[in-house]
1. Looking only at segment 155-196, count every residue that is surrounded by fewer than 24 Cβ atoms within 10 Å (Cβ to Cβ), in contact (Cβ under 8 Å) with a residue 40 or more places away in the chain and either in contact with a Leu (Cβ under 8 Å, 6 or more places away or on another chain) or among the hydroxyl-bearing types (Ser, Thr, Tyr) (or both) and tell me the total.
2. Between residues in segment 56-83 that are in contact (Cβ under 8 Å) with a residue 12 or more places away in the chain and farther than 21 Å from Met168 by Cβ and residues that are within 16 Å of the ligand (Cβ to nearest atom) and assigned to a helix (DSSP H, G or I), which pairs lie under 9 Å by C-beta distance while being six or more apart or on different chains?
3. Could you list all residues from segment 62-118 that are in a strand (DSSP E or B) and closer than 30 Å to Ala20 by Cα?
4. Which number in (1) within 15 Å of the chain's Cα centre (by Cα); (2) under 19 Å from Leu58 (Cα atoms); (3) away from the ligand (no atom under 16 Å from the Cβ) marks the one condition that Asn172 misses?
5. Of all residues in segment 120-138, count the ones that are over 12 Å from the mean Cα position of the chain (by Cα) and over 16 Å from Cys82 (Cα atoms).
6. Does Met102 satisfy the condition of being crowded, with 17+ Cβ neighbours inside 10 Å and within 19 Å of Gly205 (Cα to Cα)?
Amino acid sequence: MTVISAQPYDYELPEDSNIALIVIDMQRDFMELGGFGDILGNDVSLLQAIVPTLKRLLDGCRSRHLPIFHTTEGHQPDLSDCPVSKLKRGKGKLTIGDAAPMGRILVLGEPGNGIIPELAPLPGEIVISKPGKGAFYNTNLEPLLKERNVTHLLITGVTTEVCVQTTMREANDRGYECLLVEDATESYFPEFKRSTLEMVRAQGGIIGWTATTDRVLQGLRSWSNPAIV
Ligand code: C5J
């Protein structure tokens, strides 16, 4: 049994479990000046601060041969997969599909939809394009996890209280044992991040666990992927 020191109590990986890493929406639209996050008035430097830590976690998971899933939030160029409610929300001067410095906002294939180069997926890692906040809604994430017999998920990325938390709740409802990596997720609103971490692990881990990158990597040192012989 591999154990990761976590809150509200140790996160256990039994011999017959399989763990995967999910990296949510580390895309230029949310991370860089001129992207959607910046256009909405947010300070993107807050999110950039986690990149070195997330890279360290990603590299650690790669070295342990964990399955790795990246997501991006984006829509088809004709916006047919974008609900009108999402398009109209915010009443800002620019919205989803509009032309912006990094191409059309939250549209698949546009420069802003690309994952930041520091965290670029390697061959063999899966990239899921998701139209919603949760990574399970209208995507093939669940069958891909099932194909790999994944039971446990390390969840990271941005933003903590929106796409990260939504994904973790969706995963929890589907029976996955989820651990949110505290210093590998971030929000434009520090108090929302803090509250999300507390919410997740409240009531005996009602949604799951939280732990730091150091603790996760320490725990994974004794982990060997059952799929790798
Ligand atoms: C948002 C996200 N905040 N990835 N998306 O709209 O959290």
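Rule-based calculations on the coordinates, nothing more; no lab input. All values derive from a computational prediction rather than experimental measurement. Don't worry about glycine lacking a Cβ; one is built from the backbone with ideal geometry, like all the others, and counts go over all protein chains shown.
1. Result for segment 155-196: 4.
2. Correct list of pairs: His75/Lys86; Leu79/Leu87.
3. Ile68, Phe69, His70, Thr71, Thr72, Glu73, His75, Val107, Ile115
4. (2)
5. The qualifying residues number 7.
6. Answer is no for this residue.
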